[in-house]
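Structure first, commentary second.
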Amino acid sequence: MQDQLHTVIPHASKLKSFLVVHQIEQQVHQCQRYIDDLDKDDRAKEFNIKMEKNNETEKIIKKLGSLGELTVVKSDMDLNTETGVRREAQVESQEQSNINNMTINIERKIKINIGNISDMICLMDGRLIIVGVGDKVNLLTPDGKLLKKLPIPSKAWSVTQINQDTIALTYPTEIAIKIFNMENETVTKVITLDKDCWGLSSSDDSLVVGLSDDEIRIIDLDGNTLKSIQVKCKSDLKYLVYCNDRVIYSDYFGEAVYCVDQSGQQIWQYKQDLSGPRGLCTDTNGNIIVADYNSHRIIVISKDGKESKVLLSDGLECPRCICLKHCESSGFICDVVGKKPDKVQFLI
C-alpha cells in the first residue's frame with residue numbers, strides 16, 4: 001500500500017490521489033477487522049510441542065546406526081506481486097461508485113413466520129439475524145432458512161455485529177444495550193442508558209446508538225460515552241448506519257435521510273421523493289440503500305447525497321429493512337411489515 005501511494009502521488013491529479021487514499025483506507029480497515037478477529041481463531045495461537053524420548057526407540061536407532069538423511073531443498077517462488085497503480089484501475093473505481101450502474105433483481109421470495117420485523121443484518125459468515133418486534137432473535141442460514149431462535153430476551157429492536165462471535169442489541173423498553181456471545185449463547189454485558197435506545201451500528205470497538213429523537217451517541221463496549229451528536233429528527237432514531245466517520249440516519253415522519261459527521265455538522269440531507277424511509281445500509285462504495293416504506297421502493301443515494309436512483313419498485317409491499325452480505329453483491333429485503341423477506345441479487 002505504501003508503494004502504491006508513493007507511486008501515484010507524484011504523478012496523479014488530486015482527484016486520483018484522493019481516490020487511491022480512499023481505497024487504501026478501506027483496505028486497511030478490512031485488514032484491521034481481520035486481525036482483530038484472529039485472536040479468536042487458532043491461527044493466532046502459539047503452540048509448544050514437546051517430545052519425550054522412549055528408551056526402546058533409542059536402542060533401535062543405535063542398532064540401525066541411522067534412520068536416513070534429511071535434505072532441505074530451497075527454491076524461489078514467484079509471488080506475482082504488482083506494486084504500481086494503473087490508470088485503468090482509477091477509471092474502474094469511479095465507474096463502480098456510479099449509482100447509475102446499479103440494479104437489483106429479486107431471485108426468490110421466502111415466507112417465514114416471524115411477524116413484524118424491526119431489524120436484520122447479515123453476519124460475517126453469511127448467516128442472517130432477524131429481530132422480530134416482541135419476538136425472539138432469529139438465526140437463519142445464508143439461504144434464508146430458520147436455524148433457531150437464539151436464547152436471548154425478546155423485545156429487542158436493532159442488532160449489529162461487533163466481531164465474529166459477538167452481537168449487540170438495543171432494548172428500548174429496558175433502556176439498555178445487551179451484548180450477546182453467539183458461541184456461548186449468553187448475554188455477556190448489559191449497558192444501561194438514560195434514554196430510549198433504538199437504531200444501532202458498530203465500528204471497531206465502539207457502538208453507535210440512536211437515543212430517542214435527538215441524540216446519536218458513540219460509546220465503547222463498557223458503555224462509556226466517546227461522543228454525543230445532537231441531531232433533529234421528527235421520528236425516533238430507529239435506523240442508522242456508521243460509515244467512514246459519518247452517521248447516516250432515516251427520518252420516517254420527516255421523510256428524509258440525513259448524513260452528519262461526529263461533531264453533529266450536517267454534511268447533506270436528502271428529501272426528494274421519499275415517503276417514510278426506514279431501514280438502510282451502505283454498499284462497498286459508501287452509497288446508501290434505503291427501504292422507502294410507503295412508496296414500496298428501494299432507493300439508492302450516492303455517498304455525497306447529490307444523486308439518487310430507484311433500484312426496485314415492482315414486487316415489493318412496504319419494504320422495512322435491507323441488508324447486504326459482507327463483501328458480496330447480494331442481500332435481503334423484508335417487506336409486507338416483515339412477514340415476507342425477499343432475497344435479492346444486487347448488480348453493482
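The values are calculated or read from the model by the stated rules, or taken from the named source; none is laboratory data. Owing to the predicted nature of the structure, the values given are computational and were not obtained by experimental measurement. Heads up, the Cβs are rebuilt from the backbone with ideal geometry, glycines too, and the neighbour counts pull from every protein chain shown. The area values use the complete protein model at the heavy-atom level, side chains included, leaving out ligands, DNA and RNA. Shrake-Rupley method; radii C 1.70, N 1.55, O 1.52, S 1.80 Å.
List of remarks:
- Selection of strands (runs of 3 or more DSSP E) fully inside segment 106-196 by the criterion of at least 2 residues being touching a Gly at 6+ places or on another chain (Cβ under 7 Å) and among the basic types (Lys, Arg) returns nothing.
- Count - residues of segment 186-197 that are open to solvent by less than 30 Å² (accessible area, probe 1.4 Å) and either modelled with pLDDT under 90 or touching a Lys or Arg at 6+ places or on another chain (Cβ under 7 Å) (or both): 0
Okay, residues lined up against (1) under 14 Å from the mean Cα position of the chain (by Cα); (2) over 23 Å from Ile289 (Cα atoms); (3) of a type in the set (Val, Ile, Thr); (4) exposed (fewer than 15 other Cβ atoms within 10 Å of the Cβ):
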position	(1), (2), (3), (4)
Val159	yes, no, yes, no
Gln164	yes, yes, no, no
Ile167	yes, no, yes, no
Lys178	no, yes, no, no
Asn184	no, yes, no, yes
Asp222	no, yes, no, yes
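- The number of residues in segment 242-257 that are at pLDDT 95 or above and either within 22 Å of His22 (Cβ to Cβ) or surrounded by fewer than 23 Cβ atoms within 10 Å (Cβ to Cβ) (or both) comes to 8.
Condition check ((1) among the β-branched types (Val, Ile, Thr); (2) free of Cβ contacts under 8 Å to residues at least 60 places away in the same chain) across all residues:
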| residue | (1), (2) |
| --- | --- |
| Glu107 | no, no |
| Ile121 | yes, no |
| Met124 | no, no |
| Tyr171 | no, yes |
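- For segment 148-166, taking the residues that are at pLDDT 90 or above and of a type in the set (A, V, I, L, M, F, W, C), the one that is nearest to Leu237 (Cα to Cα) is identified as Trp157.
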